[in-house]
Amino acid sequence: MRSARLAGYLFGGAAALGAAIYVVIYLYRWQWQRTIICGVLLLVVEVLLLGLATLDRISRLEQRIRDGDRRQDEILAQLRQADREPGAGGGRATAGRPRFAWLGDGEGRTFVFVPVLMAAGVALSGLAWVVERVARATVRPTAQRRLAGRLAPLAAPPGGLHAPTPDLPDHPVLGRAKQLGALALAAAACVALFAGLQAMTETEPPEHGTGAATSLLFTVDGNGVGDSRTALAAEQMWERCRDATAVPLLQAGMTALDDGLFAATVQPSLSEHDELRLLGCLEDTTIDRVRLTVIGTGALEPS
């Protein structure tokens with residue numbers, strides 16, 4: 001059971017880590033549909049881990065309650081058995097028989113148990129008094145010095161009870177420093193992650209590349225669809241992604257070269273940031289049974 005629970009935690013943690021990593025990757029690639037899918041998967045895995053932790057805690061509480069009930073039943077059974085047995089300590093007396101046989105009435109008995117018991121108690125008390133006096137006379141004050149050392153923080157201040165005393169910190173200095181260091185590291189990690197995501201997904205000002213035009217070569221594969229449907233899907237994806245860049249693609253045309261192979265040319269050329277956004281939009285297709293794969297891109301120099 002424990003191994004299965006550990007395996008569940010390991011699988012959930014690995015899935016959550018993978019989903020979080022791909023959320024960042026798809027954000028960098030400007031692939032919003034895949035980012036949303038990975039984010040939903042991350043949320044589902046987190047809820048799953050929370051459910052596993054809750055069920056684990058509830059099962060532990062139930063096990064503790066069952067153990068307590070079982071111990072209580074065992075104690076009750078032992079008490080009942082002791083009540084039924086006359087010879088057990090604290091057991092009930094049988095009918096007409098006292099708990100101690102020497103208290104019963106009998107002829108020819110000398111009841112000397114109580115006086116002997118009293119005399120033995122007096123003798124043991126005297127022996128204990130002698131041992132205590134000998135120990136007090138011979139022992140070294142090591143225990144007292146050790147106790148005094150432990151109670152030193154509770155001693156009065158040097159100036160007396162009325163002398164001003166500095167305020168004691170609420171937490172130890174070292175523990176407080178560790179807490180502040182951990183908080184500072186966590187804050188720095190959060191700021192770095194936020195700054196990195198902002199830099200990767202920020203829309204830069206419109207600018208063109210250094211070349212005369214940018215060319216793209218990509219393929220469109222359809223699962224159970226004809227060539228006409230594939231060409232129509234390619235046109236739909238291209239028209240949808242023309243608005244994905246910061247620079248409006250006014251002079252951008254697409255041509256079918258071969259079976260499922262297409263080429264597109266954008267004038268003037270795109271910057272590196274706009275090219276990344278265009279490729280991310282094309283590969284993040286949302287058309288059923290159609291997959292687009294970018295083979296390569298390049299800048300065309302003026303002739």
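The values are calculated or read from the model by the stated rules, or taken from the named source; none is laboratory data. Everything quoted here is computed from the prediction, not taken from an experiment. Cβ coordinates were reconstructed from backbone atoms using ideal geometry, including for glycine residues, and neighbour counts include every protein chain displayed.
Test each condition in (1) within 13 Å of Gly209 (Cβ to Cβ); (2) touching a Ser or Thr at 6+ places or on another chain (Cβ under 9 Å) for Glu272 and report the one that comes out false.
The failed condition is (2).
Just wondering, is there one or more residues in segment 178-190 that are under 30 Å from Asp288 (Cα atoms), of a type in the set (Lys, Arg) and free of Cβ contacts under 8 Å to residues at least 60 places away in the same chain?
Kept after step one, since they are under 30 Å from Asp288 (Cα atoms), are these residues of segment 178-190: none.
Taking every residue of segment 178-190 in turn, none turns out to be under 30 Å from Asp288 (Cα atoms), of a type in the set (Lys, Arg) and free of Cβ contacts under 8 Å to residues at least 60 places away in the same chain.
Assuming Gln251 fulfils every condition listed in (1) surrounded by fewer than 16 Cβ atoms within 10 Å (Cβ to Cβ); (2) in contact (Cβ under 8 Å) with a residue 24 or more places away in the chain apart from one, which condition is it?
Evaluating Gln251 over (1) surrounded by fewer than 16 Cβ atoms within 10 Å (Cβ to Cβ); (2) in contact (Cβ under 8 Å) with a residue 24 or more places away in the chain leaves (2) as the failure.
Any idea which of Arg240, Arg277 is closer than 19 Å to Gln31 by Cβ, outside the structural domain of Trp32 (by TED's automatic domain parsing), of a type in the set (D, E, K, R) and within 39 Å of the chain's Cα centre (by Cα)?
Details: Arg240 fails: within 39 Å of the chain's Cα centre (by Cα).
Exactly one residue qualifies, and that residue is Arg277.
When Val47 is evaluated against the numbered criteria (1) over 30 Å from Cys241 (Cα atoms); (2) modelled with pLDDT of 90 or more; (3) surrounded by 12 or more Cβ atoms within 10 Å (Cβ to Cβ), which criterion, by number, is the only one it fails?
Unmet condition: (3).
Mind listing whichever residues of segment 1-27 are surrounded by fewer than 16 Cβ atoms within 10 Å (Cβ to Cβ) and within 21 Å of Arg291 (Cβ to Cβ)?
Ile25
Which one is nearest to Asp221 (Cα to Cα) among residues in segment 243-283 that are in contact with a Cys (Cβ under 9 Å, 6 or more places away or on another chain) and charged (D, E, K, R)?
Result: Arg277.
Let's see how each residue does on (1) surrounded by fewer than 12 Cβ atoms within 10 Å (Cβ to Cβ); (2) assigned to a loop (DSSP other than H, G, I, E, B); (3) without any contact (Cβ under 8 Å) to a residue 12 or more places away in the chain:
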position: Leu193; (1), (2), (3): yes, no, yes
position: Gln198; (1), (2), (3): yes, no, yes
position: Gly211; (1), (2), (3): no, yes, no
position: Leu216; (1), (2), (3): no, no, no
position: Thr219; (1), (2), (3): no, no, no
position: Gln236; (1), (2), (3): no, no, no
position: Asp243; (1), (2), (3): yes, yes, yes
position: Ala246; (1), (2), (3): no, yes, no
